[in-house]
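Student: For reference, the structure I am asking about is given below.
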């Protein structure tokens, strides 16, 4: 009997048993979930499109699959199962570039701080609930297991490999990008609608409860404490703004180059994204947008100067007619800003962190370690030192250096079209994410968000490798020729 026939018989018997012992409503839910799972296993690109939408729209929605995890990360696991199944059927492994190989070294090295952290750090299995504790953490699914957190981090980082493994045509890449922008459109539309109704962030809490977000008591405390700032499904305003920054260039590319519904989608996400960044009051995100547009202006990207002027006029109008934004911005850039004072304290005490944990704290807990007397750090690169030690942070910098060498521009970009647009937009988005790392640590180890970061890096690398001369491009090599050359 053929393998497909055996699988069909097993599924038929399993669903017949479920129908006997499960209520009809629950059975229909399980059946729908099984259909989606089978589709992901058969067509991993379908799973990647689902991930792109779910991760940007409802990133921390949780599901129970043996353990409690986010739905986005569960989809990633199913995608990898589908890829493994295809290799069992005889598919060849594609060749990876130098950046992907350096990422493998980083992932392998992470085993050392993981082991050290498991041995050095003791966590009370029944800690008291600290209302001031951070809501966003690698253990956001409610488990104290270091090995689970490490496995989730590895799955998220592995997104960089999904692009060469799954996205083998421009049509598939466009589907993934469209899903990412559609997820942002849904997230921003929901968040802005709820926030602008009463100008309070707490209106989104019932939605998060329905999506089974972890730690609802901490979520409520967070939104009540920051209720004058935009509340989104990404929870913390700085985290929300950082996510928007990474996809803003892609939205602008869709709005400027494409036609039809893609132009409408890109324009909507770009406009709502700018409003969202202002309403979050994130200094890092605001400066990142300025930095992206400034770099594009130096590269002479067409339309950048007009975009800068339009953004300045739009921002000034929003600040002029929206008192809440005026109050937030005055606090944000004040010399007596409490957040700035906390960051200065973090930097001054960080040498103690390096001396106490020279190999990092691993994945058992997020900074700061309870009972250590130390504090956390709001910086992407220093957070790598905190978690993986100095050597781990240097490996991460080596990954970024390899990536930069592969995708860096070599001159002015006189034309933006379908050929170089994805490269330029994803390059700008990753650059914006790294600029926010000077002010916040979220792009280092925040689950789901880092999966989007590494996925974007994979898209950027693929787009750059399809260009004969990155940065000064009038035409490009067809993707199928690039993929064929790499496979040979």
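Student: Can residue 202 be described as buried (at least 24 other Cβ atoms within 10 Å of the Cβ), in the same structural domain as residue 425 (by TED's automatic domain parsing) and on the phi < 0 side of the Ramachandran plot? Before you say what the answer is, go through the steps one by one.
Tutor: Details: buried (at least 24 other Cβ atoms within 10 Å of the Cβ): no; in the same structural domain as residue 425 (by TED's automatic domain parsing): yes; on the phi < 0 side of the Ramachandran plot: yes.
Here the answer is no, as residue 202 does not meet what is asked.
Student: Another question, if that's okay. Taking the stated definitions as given, is residue 29 at pLDDT below 95 and not in a helix (DSSP H, G or I)? Working first, answer last.
Tutor: On the way: at pLDDT below 95: yes; not in a helix (DSSP H, G or I): no.
Answer is no for this residue.
Student: Could you go through the range 365-376 and let me know if any residue there is part of a helix (DSSP H, G or I), in contact (Cβ under 8 Å) with a residue 24 or more places away in the chain and either in the same structural domain as residue 167 (by TED's automatic domain parsing) or out of contact with any strand residue (DSSP E or B) (no Cβ under 9 Å at 6 or more places or on another chain) (or both).
Tutor: Step one: of the range 365-376, the residues part of a helix (DSSP H, G or I) are none.
The answer is no; no qualifying residue exists.
Student: From the list 438, 434, which one is assigned to a loop (DSSP other than H, G, I, E, B) and in contact with a helix residue (DSSP H, G or I) (Cβ under 8 Å, 6 or more places away or on another chain)? Show your work before the answer.
Tutor: Details: 434 fails: assigned to a loop (DSSP other than H, G, I, E, B).
Checking each option against the conditions leaves just 438.
Student: Only one of 194, 180, 190, 165 is surrounded by fewer than 20 Cβ atoms within 10 Å (Cβ to Cβ) and in the same structural domain as residue 229 (by TED's automatic domain parsing); which?
Tutor: Working: 194 fails: surrounded by fewer than 20 Cβ atoms within 10 Å (Cβ to Cβ); 180 fails: surrounded by fewer than 20 Cβ atoms within 10 Å (Cβ to Cβ); 165 fails: surrounded by fewer than 20 Cβ atoms within 10 Å (Cβ to Cβ).
Selected residue: 190, the only one of 194, 180, 190, 165 that is surrounded by fewer than 20 Cβ atoms within 10 Å (Cβ to Cβ) and in the same structural domain as residue 229 (by TED's automatic domain parsing).
Student: Here is a further query. Taking the range 68-98 on its own, how many of its residues are touching a helix residue (DSSP H, G or I) at 6+ places or on another chain (Cβ under 8 Å), over 21 Å from residue 49 (Cα atoms) and not in a loop (DSSP other than H, G, I, E, B)?
Tutor: 1
Student: Can you tell me which residue in the range 396-406 is farthest from residue 463 (Cα to Cα), limited to those that are in contact (Cβ under 8 Å) with a residue 24 or more places away in the chain and under 20 Å from the mean Cα position of the chain (by Cα)?
Tutor: The extreme case among them is 396.
Student: Being at pLDDT 95 or above, in contact with a helix residue (DSSP H, G or I) (Cβ under 6 Å, 6 or more places away or on another chain) and surrounded by fewer than 21 Cβ atoms within 10 Å (Cβ to Cβ) is true for just one of 450, 459. Which residue is that? First the steps, then the outcome.
Tutor: Details: 459 fails: surrounded by fewer than 21 Cβ atoms within 10 Å (Cβ to Cβ).
The conditions single out 450.
Student: Still on this structure: Just one of (1) in contact with a helix residue (DSSP H, G or I) (Cβ under 8 Å, 6 or more places away or on another chain); (2) at pLDDT below 85; (3) crowded, with 16+ Cβ neighbours inside 10 Å trips up residue 137, so point out which.
Tutor: (1)
Student: Another question, if that's okay. Out of 379, 420, which single residue is in the same structural domain as residue 361 (by TED's automatic domain parsing) and over 18 Å from the mean Cα position of the chain (by Cα)?
Tutor: Details: 379 fails: over 18 Å from the mean Cα position of the chain (by Cα).
That would be 420, the only listed residue that is in the same structural domain as residue 361 (by TED's automatic domain parsing) and over 18 Å from the mean Cα position of the chain (by Cα).
Student: Right, another one. Only one of 56, 69 is crowded, with 22+ Cβ neighbours inside 10 Å, at pLDDT below 90 and within 25 Å of residue 458 (Cα to Cα); which?
Tutor: Values: 56 fails: at pLDDT below 90.
None of the others qualify; the one that does is 69.
Student: Any idea which of (1) part of a helix (DSSP H, G or I); (2) modelled with pLDDT under 95 is the one residue 243 doesn't satisfy?
Tutor: Against the list (1) part of a helix (DSSP H, G or I); (2) modelled with pLDDT under 95, residue 243 comes up short only on (2).
Student: To continue, here is another question. Of all the helices (runs of 4 or more DSSP H) wholly in the range 248-351, which have at least 2 residues that are modelled with pLDDT of 80 or more and closer than 22 Å to residue 232 by Cα? If you could, list the steps in order and put the result at the bottom.
Tutor: Values: elements: 261-280, 283-298, 304-321, 323-332.
In the range 248-351, the matching helices (runs of 4 or more DSSP H) lie at 261-280, 283-298.
Student: Moving on to the next point. Might you check whether a residue that is more than 18 Å from the chain's Cα centre (by Cα), at pLDDT below 95 and farther than 25 Å from residue 250 by Cβ occurs anywhere in the range 188-197?
Tutor: Within the range 188-197 (the criterion being more than 18 Å from the chain's Cα centre (by Cα), at pLDDT below 95 and farther than 25 Å from residue 250 by Cβ), the answer is yes, since at least one residue qualifies.
The values are calculated or read from the model by the stated rules, or taken from the named source; none is laboratory data. In this text the structure is predicted, and so the values were computed from the model without any measurement. Virtual Cβ from ideal backbone geometry, glycine too; neighbours counted across all protein chains shown.
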